[in-house]
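A.B. asks: Got a structure here, written out as structure tokens. Questions coming.
Laboratory data are not the source of any read-out in this text; all were calculated from the coordinates shown. A quick note: this is a predicted structure, and the numbers were derived from the prediction, not measured. FYI the Cβ positions are ideal-geometry reconstructions off the backbone, even for glycines, and counts take in every protein chain you see.
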Amino acid sequence: MLAEIGVESVQELFDRQIPEGVRLGRALDLPAGLGEQDVYEHLRELSERNVSAEQELSFLGAGMYDHYVPALIDMLTERSEFLTPYTPYQPEISQGGLQVMFEYQTAISELTALPVSNASLYEGPSAIAAAAYLAKLHNGRRRIVHSAGLHPHTIETLRTHAHGYGMELVEVPLRDGVTDQQAWAQAIEADTSAAIFAQPNFYGALEDAAALSAAAKDGASERNGKEEPDRQPPVVIAQVDPIVLGICKPPGECGVDVAAGEGQPLGNRLDFGGPSFGFFAAREEYLRRMPGRIAGETADADGRRGFVLTLQAREQHIRREKATSNICTAQALNALAGVAYLAWLGRRGIVELGELLLARTHYAREQLAAIAGVEKLHAQPVVREFALRLDGDLAAIRRRCALDGVNPGVDAHALSGRAEDRGVLLVAITERRSRADIDRLAEVLKSAIAAQREEVPA
């Protein structure tokens, strides 16, 4: 192989490809290996440093949520026909897995009110980046306008993809907790490829999805001028929380072209950060630009109902320059948990869950905002997460709460890095957090703020 490519050694191959400035230039400074028993003890000690959502009263959120996962999820996902298969390349022996994909797609389409769904992606942020790439392929333009209310991880992922695809990102600021609609409309130029916002946004506020969608399309039309009156408007993309769709108007009815996001709240545990899955739904005109794969329904030679992989837009299936995704698998097992969870809830159940979250979140928000040194970040409507601004050292306050077995929420600044997010706490409420739990949070948070104030010299 070396002779065929014209080099003398593997080292020469590395020397040609890796610049001198990024090489270490010495052997790795690693300690001597440990025996198996010693390794086990070391790993056990490390694992004991972790604290799970089962061991503390947790109000963490910001994209990953501690919802209840019914026992039937584990029962289904642990079945060997779902747990062990890789990819259903042979439909004649993969009907169970393909039907799961088909039913999952159907559920996501019904949830989002968009006619086409793929059979899942890796996770939420990369799903939004894939949607932005879809827009570039669709209209050939390279300018992406996005709201500052997107999750910081999504913004970072968009930046990474934009660099690789040669695209420009334009961020629209928030005003009173939601996307500034005037700035949003002004940012949409004729060369805008995609306009992206979150529903709800990173700070828990519900956006006016219909108004943002209309402004994106109308604004682009107004700027097209007389030379290109038929120029396509930008692709409107919404990063959607699937749980809130039980009580919120679905994106497909708000003028959104692509709805994508994080599927973890649907039947998937926190599990120390993963795994999860990304969902992706769109209007039919974007079908052939969609990433990943789509399962379809058909009939076999005997007329019996069957399922096949209808579309696979990955580079291992089609010419690389035409691929819309280089992801070589999807989180199909996690998507199975998602569709099982939605079936378990049912049409009425997801509405009842949303109504329960709405009531408990309102109660928690009012209780916490009544504490001295705590105020609402904004007054916008929220469903199951909200932002507070705390007067004091947020890190110290969170540490004090942890000593009492309560995790009060996420430090927004730690995720976003924005100066304006210093002191901002994101508090998430799920059905696992009772009214008594919320009262406990209020008690502990109040005590932690008071104690932190006493330590700070006047």
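A.B. asks: Pairwise over distinct Cα atoms, reciprocal of the mean inverse distance: report the Kirkwood radius of the chain in Å, one decimal place. Each step should come with its number before you reach the end.
C.D. replies: Details: mean 1/r = 0.0411 Å⁻¹.
After inverting the pairwise mean of 1/r, the radius is 24.3 Å.
A.B. asks: Nearest 5 percent is fine: what portion of the DSSP beta bridges confined to segment 71-342 is antiparallel? It would help to have the intermediate numbers written out before the result.
C.D. replies: Numbers: 17 of 36 bridges.
The antiparallel fraction comes to roughly 45 percent.
A.B. asks: If you plug each phi of segment 247-258 into the Karplus form 6.51 cos²θ - 1.76 cosθ + 1.60 with θ = phi - 60°, what whole-Hz ³J(HN,Hα) values come out, in order, with x for Gly and Pro?
C.D. replies: For segment 247-258, the Karplus curve yields 10, 9, 4, x, x, x, 8, 10, x, 6, 8, 9 Hz.
A.B. asks: Measure of size requested: the Rg and Dmax of segment 244-287, with Cα atoms as the atom set and Å as the unit; please supply both.
C.D. replies: Over segment 244-287's Cα set, Rg and Dmax evaluate to 12.8, 38 Å.
A.B. asks: Could you work out how far apart the two model spin labels at Phe14 and Lys376 are, taking each label as a point 7 Å from the Cα in the direction of the beta carbon, and quote it in nm?
C.D. replies: Modelled inter-label distance: 6.0 nm.
A.B. asks: Let me ask another. Given H placed 1.01 Å from N in the peptide plane, which residues other than close sequence neighbours of Val235 have an amide H under 5 Å from its amide H?
C.D. replies: Residues meeting the amide H criterion: Ala194, Ala195.
A.B. asks: What list of ³J(HN,Hα) values in whole Hz, one per residue of segment 24-41 in order, does the Karplus curve 6.51 cos²θ - 1.76 cosθ + 1.60 (θ = phi - 60°) give from phi, with Gly and Pro shown as x?
C.D. replies: 6, x, 7, 6, 5, 8, 10, x, 5, x, 9, x, 4, 5, 5, 4, 4, 5
A.B. asks: I would also like to ask the following. Roughly how far apart, in whole Å, are the Cα centres of segment 374-420 and segment 186-209?
C.D. replies: Between the Cα centre of segment 374-420 and that of segment 186-209, the gap is 24 Å.
A.B. asks: OK, next. Output the peptides 201-212, 80-91, 42-53, 152-163 sorted from most to least packed, where packing is the average of other Cβ atoms within 10 Å over each peptide's residues. Walk me through the intermediate numbers first.
C.D. replies: Details: 201-212: 22.2, 80-91: 12.2, 42-53: 10.1, 152-163: 18.6.
Top to bottom by mean Cβ count within 10 Å: 201-212, 152-163, 80-91, 42-53.
A.B. asks: For the residue pair Arg142 and Arg440, what label-to-label distance in nm results when each label sits 7 Å from Cα along the Cα-to-beta-carbon direction?
C.D. replies: 5.5
A.B. asks: If you project the alpha carbons of segment 394-436 onto their three principal axes, what span does each projection cover, largest first, in Å?
C.D. replies: 34, 22, 12
A.B. asks: Would you mind ranking Glu4, Glu92 by Cβ crowding within 10 Å, fewest neighbours first? Intermediate results must be reported in sequence, preceding the final value.
C.D. replies: Values: Glu4 6, Glu92 9.
With the sparsest Cβ surroundings first, the list reads Glu4, Glu92.
A.B. asks: Can you compute 3J(HN,Hα) from phi for each residue in segment 412-424, using the Karplus curve 6.51 cos²θ - 1.76 cosθ + 1.60 with θ = phi - 60°, rounded to whole Hz and x for Gly and Pro?
C.D. replies: Taking θ as phi minus 60°, the curve returns 4, 5, 4, 8, 8, x, 7, 4, 5, 8, 5, x, 8 Hz for segment 412-424.
A.B. asks: How much of the DSSP beta bridge set in the chain is antiparallel, as a percent to the nearest 5? Before the final figure, lay out each step's value.
C.D. replies: On the way: 28 of 49 bridges.
In the chain, approximately 55 percent of DSSP beta bridges are antiparallel ones.
A.B. asks: Relative contact order of segment 71-342: what whole-number percent is it, with Cα pairs under 8 angstrom and at least 6 residues apart? Can you show the working numbers first?
C.D. replies: Details: 563 pairs, mean separation 74.2, N = 272.
Over segment 71-342, the number comes to 27 percent.
A.B. asks: Among bridges DSSP assigns within segment 77-233, what percent are antiparallel (round to 5)? Intermediate results must be reported in sequence, preceding the final value.
C.D. replies: Numbers: 2 of 11 bridges.
Bridges in segment 77-233 are about 20 percent antiparallel.
A.B. asks: Now, a different point. Mind putting a number on the dipole of the chain about its Cα centre? Charges go on the C-beta only, +1 for Lys and Arg and -1 for Asp and Glu, and I need it in Debye to the nearest 20. Don't jump to the answer; show the numbers that get you there.
C.D. replies: Working: 46 positive and 64 negative charges, 159 e Å.
With only Lys, Arg, Asp and Glu charged at Cβ, the dipole is about 760 debye.
A.B. asks: Right, another one. Kindly rank 357-367, 275-285 from highest to lowest mean number of other beta carbons found within 10 Å of each residue.
C.D. replies: Details: 357-367: 18.4, 275-285: 22.5.
Those peptides, ordered most packed to least, come out 275-285, 357-367.
A.B. asks: Okay, next question. I need the fraction of alpha carbon pairs in segment 1-155 separated by more than 28 Å, rounded to a whole percent. Kindly include the intermediate steps, with their values, before the conclusion.
C.D. replies: Details: 7332 of 11935 pairs.
Tail fraction, whole percent: 61.
A.B. asks: I'd like the Kirkwood hydrodynamic radius of segment 71-342, using the inverse of the mean 1/r over distinct C-alpha pairs, in Å. Write down the numbers at each step before the final one.
C.D. replies: Details: mean 1/r = 0.0526 Å⁻¹.
By the Kirkwood definition, the hydrodynamic radius is 19.0 Å.
A.B. asks: Consider all pairwise Cα distances in segment 353-458 and report the whole-number % of them above 22 Å.
C.D. replies: Details: 1460 of 5565 pairs.
Pairs farther apart than 22 Å: 26 percent.
A.B. asks: Which values, in whole Å and largest first, are the semi-axes of the equivalent ellipsoid of segment 106-175 obtained as the square root of 5 times each eigenvalue of the Cα gyration tensor? Mind showing how you got there, number by number?
C.D. replies: On the way: eigenvalues 97, 47, 30 Å².
The three semi-axes for segment 106-175 are 22, 15, 12 Å.
A.B. asks: Let me ask something else. From the mean inverse distance of alpha carbon pairs (Kirkwood) and the Cα radius of gyration, derive Rg over Rh for segment 177-302. Write down the numbers at each step before the final one.
C.D. replies: On the way: Rg = 17.3 Å, Rh = 16.5 Å.
Value, to two decimals: 1.05.
A.B. asks: Please give the length that would be gained between Ile247 and Gln186 if that part of the chain were fully extended, namely 0.36 nm times their separation in residues minus their C-alpha to C-alpha distance (nm, one decimal). Walk me through the intermediate numbers first.
C.D. replies: Details: separation 61, 0.36 × 61 = 21.96 nm, distance 3.06 nm.
Fully extending the segment from Ile247 to Gln186 adds 18.9 nm.
A.B. asks: Quick query: amide H of Leu377 versus all other amide H atoms, modeled in the peptide plane; which residues come in under 5 Å with a sequence gap of 5 or more or a different chain?
C.D. replies: Ala387, Leu388, Arg389
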